[in-house]
Each structure stands twice: as C-alpha cells, then as structure tokens.
Amino acid sequence: MTKNIKSKALPLTITLGSLLLFFCLVLTILWNFILIYNYSQLKQSGYFQWVILGVGSFFFVVVITGVILFMVFLARQIMLNELQTNFIDSVTHELKTPLTSIKLYIETLKKHDLTKEKKDSFLNIMLKDVERLNTLVDHVLEASRIEHLSKKYDYEEVSLDSVIRYSSEIVINRYNLSPENIKLNLLPISINSDNTALQLVFINLLDNAVKYSDKNIQILVSISKNTNNKIDIIIKDSGIGINKTELKKIFKRFYRVNEPNTESKKGSGLGLFIVKEIVNKLKGSIEVKSEGLNQGTEFKISLPES
C-alpha cells in the first residue's frame, strides 16, 4: 500500500519565514519612526540625513523582498521533494508487486506439474504483470521526454473514434471488464493528429476512471463538435470523485490524489501529467470537473479538427 508522505518541513518553513517577515516589518516601521522623529527634533536636519534614511529604507525593502522570494522558492522545493519521495515510493511498490508475482508463478510452474488450464491461467496473470511493468516504464520514459522537450509528434489523419474504441478495448481486457462498463457514444470523426499520442491519452484517462470507480464501474465516452471548430471528447465516470481543492493539482508531475480510500490505488503520479502535456502539445486543452467525493469525475478534451 502506497502512502502520501507528509513532511513537517513545509509548514515549519512557512511559519518561520512568516515570523521573520513580521519582525522585519515591525523593525522597519519602528526604525523609520525613530529616525524621522529624531530628524524632526533637530533644528538643522540636513539633506544628507534624509538621503541616508531613504537609501536605508530601500535596502530594507530589498531584504524583505529577498526573504519573501526565499520562502516561496524553498516552499516549492520542499513540495517537489515530497512529490518525488511519493513517486519513488509508488514506483518501488509498482515494480516490486508484479515482479514478486511473476517470480512466484514461475517457481510454481517449475516445481509442479499443472494442468493446461492452470498453466494458461498463470501465464495470463504473468502477462498482465508484464504489461503493468511495461506501462510504468512507458510513463517514466514519456515524462522524461516531455520534460526535456525531445518528443516529436507524427501528424497524420487519425480516426478519433477508432482510437477511442481501441483504447477502450485495451482497458477492458486489462481489468477483465464487461463492454457495458465503458459505454461509447462516438461520432465517426477524423482529425489531423498523432495516433500513438492519442492512444496514450485515452488509455491513461480510461485506466484512471476504472481505477477510481471502485466496484460500480460506469464510464461514458462521447464525441461532439463545438462552435469553435474543435472536437470535444468527454470521459465521465461515476467513481469516488475529486475534492474541489484537489482539482487544480491533479495534473502536476508526481501528484496523487490524497483522499479517503485512495491509498491502495496503484499509480506513479505521472499519468495525468503526461495526458495534459500531450494534449497541450497537440494544440488542445483539457478540463476536469467533479462535484466532490462520491460524485464522479468528468474529463473534457478539446482537440483541433485539422
């Protein structure tokens, strides 16, 4: 079971920085008040003293600005480190579980004379474990390519409805679902895009919808044209939903939803990050909606027709 590791470093940094900032502001106000008061008591308050006061105040403002920027950068770095720690923890779990399973089944096949049906069952399970490992590796490699801007897309005429059907079949087979679990309401539409990239987007979104649907899996995928000459693809599930405070965070790299009953969900925290980056590079956009916990989730992708 993976866990979201929460460090005390971030709240401690914010608290300490806020206190330092408060003391700086108080010191600045008192310092200026005393200086101005002293200068006003002098009969000959020269121009030079006022210049010193102005320059001193300016540099104090620079120091305060530096403290604020340092707090922001340090808080971001701490958050990134926590996300990377969660990622390593998740990937370790994702690697260890299927490898342990594959090893167990191989040892069983070697030691025991099993029936053909049993062997086929074991081989199918091992194949799914290998597929799970392959998906994880693909996610890590894709995220690395996106980060270093080395990914190039091959644009061609793509049957969007065929890509979605193919992606749906992969997810259905992966989780041994019934075709009724993923209902498709598709128009026969072709667009100028990258076929492989679109498959990765839809497989990730459908996989995510299944993963966070618990036992009652009801997913609807639809295609429509909007008034801006773009194609809208909506993937809607009736799963556990997302808290509104989490909606803006789910596309961040390494981020995983921290809600009740989600700790046991498998994943690396890269899927939705990859989806958003690919959609953006394909000159599209993606939105997510959820009314909250147990209210389901809706992803809407808009892609240019040509």
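The values are calculated or read from the model by the stated rules, or taken from the named source; none is laboratory data. No experiment lies behind these values; they were computed from the predicted model shown. Quick reminder, even Gly has a Cβ in these numbers, built from the backbone with ideal geometry, and neighbours come from all protein chains shown.
Structure data summary
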read-out	value
Filtered residues of segment 202-234 (kept if more than 20 Å from residue 166 (Cβ to Cβ) and surrounded by 16 or more Cβ atoms within 10 Å (Cβ to Cβ))	212, 213, 230
The lone exception for residue 113 - which of (1) at pLDDT 75 or above; (2) more than 27 Å from residue 203 (Cβ to Cβ); (3) part of a helix (DSSP H, G or I); (4) among the charged types (D, E, K, R) it fails	(3)
Hey, residue 89 part of a helix (DSSP H, G or I), more than 21 Å from residue 210 (Cα to Cα) and at pLDDT 85 or above or not	no
From the options 237, 194, residue that is crowded, with 19+ Cβ neighbours inside 10 Å, within 16 Å of residue 290 (Cβ to Cβ) and of a type in the set (Asp, Glu)	237
Pairs with Cβ under 6 Å, 6+ apart, first in segment 85-114 and closer than 25 Å to residue 253 by Cα, second assigned to a helix (DSSP H, G or I) and at pLDDT below 85	94/136; 98/129; 98/132; 98/133
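The rows are residues; the columns are (1) modelled with pLDDT of 65 or more; (2) surrounded by 10 or more Cβ atoms within 10 Å (Cβ to Cβ); (3) closer than 30 Å to residue 129 by Cα; (4) not basic (Lys, Arg).
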position	(1), (2), (3), (4)
42	no, no, no, yes
61	yes, yes, no, yes
75	yes, yes, no, yes
94	yes, yes, yes, yes
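This table checks each residue for (1) among the polar types (S, T, N, Q); (2) under 23 Å from residue 206 (Cβ atoms); (3) modelled with pLDDT under 75.
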position: 109; (1), (2), (3): no, no, no
position: 119; (1), (2), (3): no, no, no
position: 137; (1), (2), (3): no, yes, no
position: 142; (1), (2), (3): no, yes, yes
position: 170; (1), (2), (3): no, yes, no
